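Notes follow once the structure below has been shown.
Each reported figure results from applying straightforward, stated rules to the coordinates on display, with no laboratory input. It should be emphasised that the depicted structure is a prediction, and the values quoted were computed from it without experimental measurement. Every residue, glycine among them, receives a Cβ derived from its backbone with ideal geometry; neighbour counts consider all protein chains shown.
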Amino acid sequence: MKARSYLEGITVKTHLITSDNASVALHQLAEEEDVDLIALSAHGYSGNHQWPYGSMVNNFIMYGKVSLLIVQDLPAKQEYVSPDLQTSERTER
């Protein structure tokens, strides 16, 4: 990720951490490192596209204390469709 950064002049730090509870570990790292911004993919390991965000992103939205950059990762054909919409109301793009 660091090598792909197009943000010249911005300090980017990377960490590889392991934990039984990834959410807690990332919240702790953000606090310990005094992070300004956290970038997250909208869907993680499980990749469930039923909702616009996965559990990790929802956790940071609800409990995080740092600004977020959430990158939507759904392919164009798998755009999020509200569960409220009936199947007949969905349109193919």
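Worth a mention:
- Positive minus negative residues near Leu40 (Lys, Arg vs Asp, Glu; Cβ under 15 Å): -1
- When each of the peptides 11-20, 61-70, 34-43 is scored by the mean number of other C-beta atoms lying within 10 Å of its residues, the order from highest to lowest reads 34-43, 61-70, 11-20.
- Neighbour-limited loop hits for GluC sites (Glu not before Pro), the range 10-46 (at most 11 other Cβ within 10 Å; DSSP other than H, G, I, E, B): Glu33
- If the segment from Val24 to Gln50 were pulled out straight at 0.36 nm per residue, it would be longer than the present Cα-Cα gap by 6.9 nm.
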